[in-house]
1. If amide H atoms are built 1.01 Å from N in the plane of the peptide, which residues on other chains or at least 5 residues away come under 5 Å of the amide H of Phe162?
2. Return the loop-located trypsin sites (Lys or Arg not before Pro) in segment 1-64 (DSSP other than H, G, I, E, B) with at most 13 other Cβ atoms within 10 Å of their own Cβ; answer none if there are none.
3. In a shell of Cβ-Cβ distance under 13 Å around Gly154, excluding Gly154 itself, what net charge do Lys and Arg (+1) and Asp and Glu (-1) give?
4. How many Å² of accessible area per residue for the chain, probe 1.4 Å?
5. Suppose we keep just the DSSP beta bridges with both residues in the chain; what percent of those would be antiparallel, to 5?
6. Leaving ligands, DNA and RNA out of it, report the carbon-plus-sulfur percent of the accessible area of the chain at a 1.4 Å probe.
7. Compute the longest continuous run of the chain that contains no exposed GluC sites (Glu not before Pro); treat a site as exposed when its DSSP state is not H, G, I, E or B and it has at most 11 other Cβ atoms within 10 Å.
8. Which angle from 0 to 90°, rounded to the nearest 10, does the C-alpha axis of helix 9-23 make with the longest principal axis of the chain?
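The values are calculated or read from the model by the stated rules, or taken from the named source; none is laboratory data. From a predicted model like this one, the values you see are computed outputs, not experimental measurements. Because the Cβ atoms are built from the backbone with ideal geometry, glycine has one as well, and the counts that use them run over all protein chains shown. The area values use the complete protein model at the heavy-atom level, side chains included, leaving out ligands, DNA and RNA. Shrake-Rupley method; radii C 1.70, N 1.55, O 1.52, S 1.80 Å.
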Amino acid sequence: MVIGLGTGSTVRHLLEILAERRKQGALRHVVGIPTSRATEWYARDLGLRLSALEEEPRVDLTIDGADEVDPQLNLIKGGGGALLWEKIVACNSERLIIVADEGKLVKRLGERVPMPLEVVPFGWNTQLSWLDHLGAEPVLRLAANGSPFVTDSGHYLIDCHFKNGITEPMRVQREVRQHPGVVDCGLFLGLADAVVVGGVDGPRVVHAEATPR
Ligand code: A5P
């Protein structure tokens, strides 16, 4: 079985559980596809068997976290900067399961966190004016040392704050794809098959309505 391994603090728990199960002799035929360098390094340290999409282009199941989940199970991802690889792996997975705590559930995407936009560094600032027209307040993401945050693919991230959330996520997704230099955005629309929501009463599973991907 080929499992896509997401990125973030939630997924770190998953990796630890997978490593524990492996130590007990299970999961011998499972290979993981990491969605970031951070996940790759942590999984490797834990002794998990890894591969890459170049070797295993069809993923059976991906398990990942999210920054926001709306009632239709649309997501905002990329708070940790790994949205591009996460989206490539998610789009090539038979199933995508998201694990999130109740605090990630929102009525409307963009209500609590900005939507990250991954752009090539060349002329990154040319993206600001159309983002402004789209109703977003765009902010270049910075690293701890004050220089631009650079993704695993060598791109920059522009965090797009929407004052009242994103009213038409599909329209925003279509719009961002029209601008040269934009690589992708943190909207994951219609991709999640189910969300495991962790709450005080334990986990519950919310399934997406069966629509073809
Ligand atoms: C990484 O870029 C993100 O998409 C993460 O999947 C998301 O931010 C969830 O992370 P946490 O599990 O740390 O909240």
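1. Met115, Glu137
2. Arg28, Arg58
3. For residues surrounding Gly154, the net value is -1.
4. 53 Å²
5. Numbers: 24 of 43 bridges.
Of those bridges, close to 55 percent are antiparallel.
6. Reported share for carbon and sulfur atoms: 53 percent.
7. Here the longest run is 56-208.
8. Taking Cα atoms only, the helix is inclined about 20 degrees.
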